[in-house]
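Worksheet for the structure shown next.
The values are calculated or read from the model by the stated rules, or taken from the named source; none is laboratory data. Model, not experiment: these values are computed from the prediction. Note that we place each Cβ from the backbone using ideal geometry, even for glycine, and neighbour counts take in every protein chain shown. All accessible areas refer to the heavy atoms of the entire protein, side chains included, with ligands and DNA or RNA removed. Shrake-Rupley method; radii C 1.70, N 1.55, O 1.52, S 1.80 Å.
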Amino acid sequence: MRIGILNSGGDCPGLNAVIHGVVGAADQLGWEVIGFRDGFEGLLPPGDYTVLKPKDTIGILKLGGTILGTTNKGHFAAKVGKGDIAEVPPEIVAKAKRTMEQLEISALIVVGGDGSLTTGLQLYREGWPIIGVPKTIDNDLSATAFTFGFDSAVSTVVDALDRLHTTGESHKRVMVLEVMGRHAGWIALWGGIAGGANVVLLPEIPFSFDKISDFINDRDAQGYHSTLVVVAEGAHMPDGDIVTIDANCAGEVRLGGIGERVAAKIQQLTGKDARACVLGHLQRGGSPTSLDRILGMRFGVMAVKLASEGAFGRMVSYQAYHVDSVEIEEAVHQLRLVEPDSELVQAAKAVGICLGD
């Protein structure tokens, strides 16, 4: 039997761990693994792929990124905006299917986020043997409690906050850190709590600049002259505006810039020196944490198990410390967002973190 694997969408720490898991588990069954380069684009004739053997995955667990490459653009982009779906044209699907047939691929493992799995769901509905593996640093995929890459991204945020804390204290400044997450606040919330942030601003919880400035002034009066602020890139300004870099770009809108806006407003209202730092793609790079290496490997092994059972149209899922699977349809089109009244949010407030509400 011959199976295929591809990574699609943004890069993410732990992708190579999934490849390692797939190749290792497939080899135990005597199967051959074909790795398609640069996502779904590798399926287009004449096909851009490589045969993956266990020796090819030696030492890749510790590597960030992906040895297969990936893309969030091209002929297979299915997400064109929040909640907006565009089907892949039939002629593109037909060309890719010819590659699948010529290579005699019996199962195709698609490792990706909401957009990539949306494409995978379309292909499954058209008769393709698709198995999904959830991948996003944003941790916003429904039907799975965790996605690999999230823990690594949070660790990067924590490291940045540790560094900003010392420079902020030295100058008695307000330091604003803008983090990724798109329309979900998981990275900001987890990173903010673990990194000792004083203010955390999320897309799910409306905030007021007056409340933030009052909080900072109170800290100043108590002798705490430096404040750390974490803001998620998808947080709404008080007027409801979402700050973007390029609203007219192809595909989903690029979020970014809210950190500078928040810092400027805080400086205006408090009179304190405020600086903004955008963490950006540093959250996607570098070696994955041990948690993401193990989770990615487990996801890869489960994907091969699903292939052996012919359980197509399903996505690997992690719930209550157990790796299983769900229908792909359950996982896409519905973001998993932070609940404003959740235990974690209440815990953050209990230790004095201001969420601006």
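Among the residues making up region 172-194, those that are touching a His at 6+ places or on another chain (Cβ under 9 Å) and surrounded by fewer than 23 Cβ atoms within 10 Å (Cβ to Cβ) are K172, R173. Being of a type in the set (V, I, T) and open to solvent by less than 60 Å² (accessible area, probe 1.4 Å) holds for only one residue in I294, I328, and it is I328. Going by the structure shown, is V323 open to solvent by less than 30 Å² (accessible area, probe 1.4 Å), assigned to a loop (DSSP other than H, G, I, E, B), touching a residue at least 24 places away in the same chain (Cβ under 8 Å) and of a type in the set (V, I, T)? Spelling it out, it is not the case that V323 is open to solvent by less than 30 Å² (accessible area, probe 1.4 Å), assigned to a loop (DSSP other than H, G, I, E, B), touching a residue at least 24 places away in the same chain (Cβ under 8 Å) and of a type in the set (V, I, T). The set of residues in region 210-241 being buried (at least 17 other Cβ atoms within 10 Å of the Cβ) and either more than 21 Å from V154 (Cβ to Cβ) or of a type in the set (D, E) (or both) consists of I212, S213, F215, I216, R219, D220, S226, E233, H236.
For region 129-154, residues that are open to solvent by 10 Å² or more (accessible area, probe 1.4 Å), at pLDDT 95 or above and farther than 17 Å from L15 by Cα total 1. Here M180 fulfils each of the conditions (1) under 19 Å from the mean Cα position of the chain (by Cα); (2) more than 30 Å from G195 (Cβ to Cβ) apart from (2). Looking across region 278-295, the residues that are under 24 Å from L177 (Cα atoms) and touching a residue at least 24 places away in the same chain (Cβ under 8 Å) come down to V278, L279, G280, L282, Q283, R284, G285, G286, S287, P288, T289, D292.
Looking across region 339-357, the residues that are modelled with pLDDT of 95 or more and surrounded by 14 or more Cβ atoms within 10 Å (Cβ to Cβ) come down to P340, V345, A348, I353, C354, L355. Of all the criteria given as (1) farther than 20 Å from I105 by Cβ; (2) under 20 Å from the mean Cα position of the chain (by Cα); (3) modelled with pLDDT of 90 or more, the one not satisfied by I58 is (2).
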